[in-house]
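Working notes, beginning with the structure itself.
The values are calculated or read from the model by the stated rules, or taken from the named source; none is laboratory data. As the structure is a prediction and not an experimental result, all values here were calculated from the model. Neighbour counts run over all protein chains shown; Cβ positions are idealised from the backbone, glycine included. All accessible areas refer to the heavy atoms of the entire protein, side chains included, with ligands and DNA or RNA removed. Shrake-Rupley method; radii C 1.70, N 1.55, O 1.52, S 1.80 Å.
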Amino acid sequence: MTLLAIETSCDETSVAIVRDGRVLSSLVSSQTKLHAEYGGVVPELAAREHLRNLMPVARAALEAAGVTPAELDAFAATRGPGLPNALVVGLKAGQAMAFALRKPFVGVHHHEAHLYSPWIGGDPLQADFSAFQPNVSLIVSGGHTMLVHVQGELRHRVLGSTIDDAAGECFDKTAKLIGLPYPGGPEIDRLAEKGNPRAHDFPRPMLRDANDDFSFSGLKTSVRYFLRDHPETAESLAGLRDLCASVQAAIVEVLVFKTVRAATRLGVRCVTASGGVTCNRALRAALARECGRNGLFLRLAAPGLCTDNAAMIGVLAERKLLAGVVEESLDAEINPGWALA
């Protein structure tokens, strides 16, 4: 099976060609510079850029894969969740291509695709489901933070999610309070590398709560008040590094503690992590350390597959088609608030 997949849930225009689990090409056109001027993603601008970039990226992906449109057996696109105006560009383009070539179409849940991105790796990229095992998966990004019990291929249940701000949102909004450029998460990661994570004691929201939910709005508010009372902290490079390291340590501790605790409670021996925040070096190191201490096998999505990408959309769509569990109507609409069951 050769499949073309599209991802346009936010501000990345991505197209991938997947054949029998192998990612023949996966291209991403980023809009980061465009939105940096506004300190965040502007939905209408994102949609316009998707309209401008999608077909050139699709043609480039086909060329890079050495595949012609006539060789495609199926199409897929992200159906939700995400920004409505952005989602509709990719979904309708995928449906139109499938209609024109009379091929199957699959609308993919963005978060469900993240669940399987840690099982894609190598050079060239290849989905390795022979190594797949039940796991507790941490999905952590700018818009979402959740723990999912993946019981088997295409079988999962959500254990908990954020009740307010996601971890990535906390990173970005904290960075904005400090005065760092957008996107703020990578800037905090960079500055924190040489900072003291114990310099300031910020709260760890819901750390000891018995549930698997998350909350980061209180941490963000705590940083706001800290900067109000100690503005001099962010005026020197050393102070800035310590501040970033302390905020990062608070976020990472909550994410790692709850993930490892859930895996231990469920008797699952494997942990996976994906989503944009999984690029954070401190999080990756802490997960590796704590999983090692607890005898847990860890699979982290490759950095290039942590952020929004069509490769994971294509891999999941192909698995669904092969399993015969889904083939959507070409009339299916976007589902911006689609909750992962």
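I need the peptides 278-286, 9-17 ranked by packing, meaning the mean over residues of other C-beta atoms within 10 angstrom, with the highest value on top.
Highest to lowest by the protection proxy: 9-17, 278-286.
Rank PRO104, ILE139, LEU159 by how far each Cα sits towards the positive end of the charge dipole of the chain (+1 on Lys, Arg Cβ; -1 on Asp, Glu Cβ) and give me just the farthest.
Farthest along the dipole direction, towards plus: LEU159.
Quick one: accessible surface of ASP201, probe radius 1.4 Å, all protein chains present, in square angstrom to the nearest 10.
Per-residue accessible area (ASP201): approximately 140 Å².
Could you pull out the GluC sites (Glu not before Pro) across segment 30-61 that fall in loop regions by DSSP (anything but H, G, I, E, B) with no more than 14 other Cβ atoms inside 10 Å?
GLU37
Hey, if we sort ARG52, ARG79, ARG319 by accessible area with the 1.4 Å probe, largest down, what's the order?
ARG52, ARG319, ARG79
Compare the Cα positions of ASN85, HIS200, PRO56 along the charge dipole of the chain (+1 at Cβ of Lys, Arg; -1 at Cβ of Asp, Glu; about the Cα centre) and return the one farthest towards the positive end.
In the chain, that residue is HIS200.
Distance in nm between label sites at LEU101 and ARG48, each 7 Å beyond Cα in the beta-carbon direction?
Spacing of the two 7 Å Cα→Cβ label points: 3.1 nm.
Take ARG208 and HIS230, extend 7 Å from each Cα along the Cα→Cβ direction, and tell me the distance between the two endpoints in nm.
Rounded to a tenth, the inter-label distance reads 2.3 nm.
Shape of segment 1-45 from its Cα gyration tensor (a ≥ b ≥ c, root eigenvalues): rounded if a/c is under 1.5, otherwise prolate when a/b > b/c, or oblate?
prolate
Rounded to the nearest 0.05, what FRET efficiency do ASN196 and LEU330 have when you use their Cβ-Cβ distance and R0 = 51 Å?
Taking R0 as 51 Å, the efficiency between ASN196 and LEU330 is 0.35.
Taking the Cα centroid of segment 227-277 and of segment 34-84, what is the distance between the two, rounded to the nearest whole Å?
31
Can you figure out the FRET efficiency of LYS176 with GLU71, using R₀ = 51 Å and their beta-carbon distance, to the nearest 0.05?
Approximately 0.65, to the nearest 0.05.
If you filter segment 245-339 for GluC sites (Glu not before Pro), then keep DSSP loop positions with at most 16 other Cβ within 10 Å, what is left?
Counting only loop positions with at most 16 other Cβ atoms within 10 Å, the GluC sites (Glu not before Pro) in segment 245-339 are GLU327, GLU333.
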